[in-house]
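Undergrad: Quick one: the structure is below, questions incoming.
The values are calculated or read from the model by the stated rules, or taken from the named source; none is laboratory data. All values derive from a computational prediction rather than experimental measurement. Cβ placement follows ideal geometry from the backbone for every residue including glycine, while neighbour counts extend to all protein chains displayed. Remember, those area values only see protein heavy atoms, side chains included, never the ligands or the DNA or RNA. Shrake-Rupley method; radii C 1.70, N 1.55, O 1.52, S 1.80 Å.
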Amino acid sequence: MLISGRGSNLQSIIDAIAAARLDATLAVVISNRGDVPGLQRARDAGIDTRLLRTRELPDRDAYDAALAGLLRDARVDLVCLAGFMRLVGAPMLAAFPNRILNIHPSLLPAFPGLEAQRQALEHGVGVSGATVHLVTAELDGGPIVSQSAVPVLEDDTVDTLSARILIEEHRIYPEAIQLVLDGGWSIEGRRFVRRARS
Ligand code: GRF
């Protein structure tokens, strides 16, 4: 799992595994920033942590190659981003094709990029939400695995809307991870398609 900060989605995944709602093992938590609450959450749960700072590597490709190396060493078969404030580049995409998930606080393809909740408020939409998607070279543009909508209220602030969306993030991310780990899906065009089970 890759994080940069608070780690509340990481916590929801730790909790889902502990409650046997998610059948998975968190092999390693990697952050590009030191001293963030997410790293402490991982340590508290007894999960291996690594800090890989941008300044330790000469450029983006070198950073991504080092990241892929750490993840391979940990034998992960699915990489989950949660608040990881870096674009994932070619070396990572090549190392984990269709094996990288991200969670984004809007109903994609609306409001990709930074400050999605502020974008939603400024646009005056009546509905926003959370999206779990596979990561591709297109920013927040990969196949959608799961979404959940929430209302945007007249008197919402960035904080109140973010809090409402975060509840949905914590619910759908563990579910989406299970779905992807279970297999029985394929990518058709830009769609994530589940095969009907007989
Ligand atoms: C979440 O809102 C997530 O959707 C976005 O960054 C935030 C991370 O929060 N990509 P946390 O670190 O999981 O608490």
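Undergrad: Hey, residue 46 hits all of (1) part of a loop (DSSP other than H, G, I, E, B); (2) touching a His at 6+ places or on another chain (Cβ under 9 Å) but one; which does it fall short on?
TA: Here residue 46 meets the rest and fails (2).
Undergrad: So which residues in region 26-38 are open to solvent by 10 Å² or more (accessible area, probe 1.4 Å) and within 16 Å of the chain's Cα centre (by Cα), if there are any at all?
TA: Passing the criteria: 26, 27, 32.
Undergrad: If residue 100 satisfies every condition in (1) within 15 Å of the ligand (Cβ to nearest atom); (2) out of contact with any His (no Cβ under 6 Å at 6 or more places or on another chain); (3) among the β-branched types (Val, Ile, Thr); (4) open to solvent by 20 Å² or more (accessible area, probe 1.4 Å) but one, which is the exception?
TA: Result: residue 100 passes all but (4).
Undergrad: Next question. Working only within region 176-198, note down all residues that are free of Cβ contacts under 8 Å to residues at least 40 places away in the same chain and in a helix (DSSP H, G or I).
TA: 179, 182
Undergrad: Out of the residues in region 74-95 that are assigned to a loop (DSSP other than H, G, I, E, B) and out of contact with any Lys or Arg (no Cβ under 9 Å at 6 or more places or on another chain), which is most open to solvent (accessible area, probe 1.4 Å)?
TA: Going through the qualifying residues, I end up with 75.
Listed here are the residues, each with its yes/no results for (1) assigned to a strand (DSSP E or B); (2) open to solvent by less than 10 Å² (accessible area, probe 1.4 Å); (3) in contact (Cβ under 8 Å) with a residue 40 or more places away in the chain.
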| residue | (1), (2), (3) |
| --- | --- |
| 107 | no, no, yes |
| 119 | no, no, no |
| 129 | yes, yes, no |
| 154 | no, no, no |
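Here's the yes/no breakdown for (1) basic (Lys, Arg); (2) within 16 Å of the ligand (Cβ to nearest atom); (3) under 18 Å from residue 176 (Cβ atoms):
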position	(1), (2), (3)
23	no, no, yes
36	no, yes, no
43	yes, yes, no
50	yes, no, no
53	yes, no, no
79	no, yes, yes
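Undergrad: Just to be sure, is residue 64 acidic (Asp, Glu) and open to solvent by less than 20 Å² (accessible area, probe 1.4 Å)?
TA: Spelling it out, residue 64 is indeed acidic (Asp, Glu) and open to solvent by less than 20 Å² (accessible area, probe 1.4 Å).
Undergrad: Quick check on region 167-198: of everything there that is out of contact with any strand residue (DSSP E or B) (no Cβ under 8 Å at 6 or more places or on another chain) and open to solvent by less than 50 Å² (accessible area, probe 1.4 Å), which residue is farthest from the ligand (Cβ to nearest atom)?
TA: Checking each candidate, the answer is 183.
Undergrad: Might you let me know whether region 47-66 holds any residue that is touching a residue at least 40 places away in the same chain (Cβ under 8 Å) and farther than 22 Å from residue 130 by Cα?
TA: Scanning region 47-66, I find no residue that is touching a residue at least 40 places away in the same chain (Cβ under 8 Å) and farther than 22 Å from residue 130 by Cα, so the answer is no.
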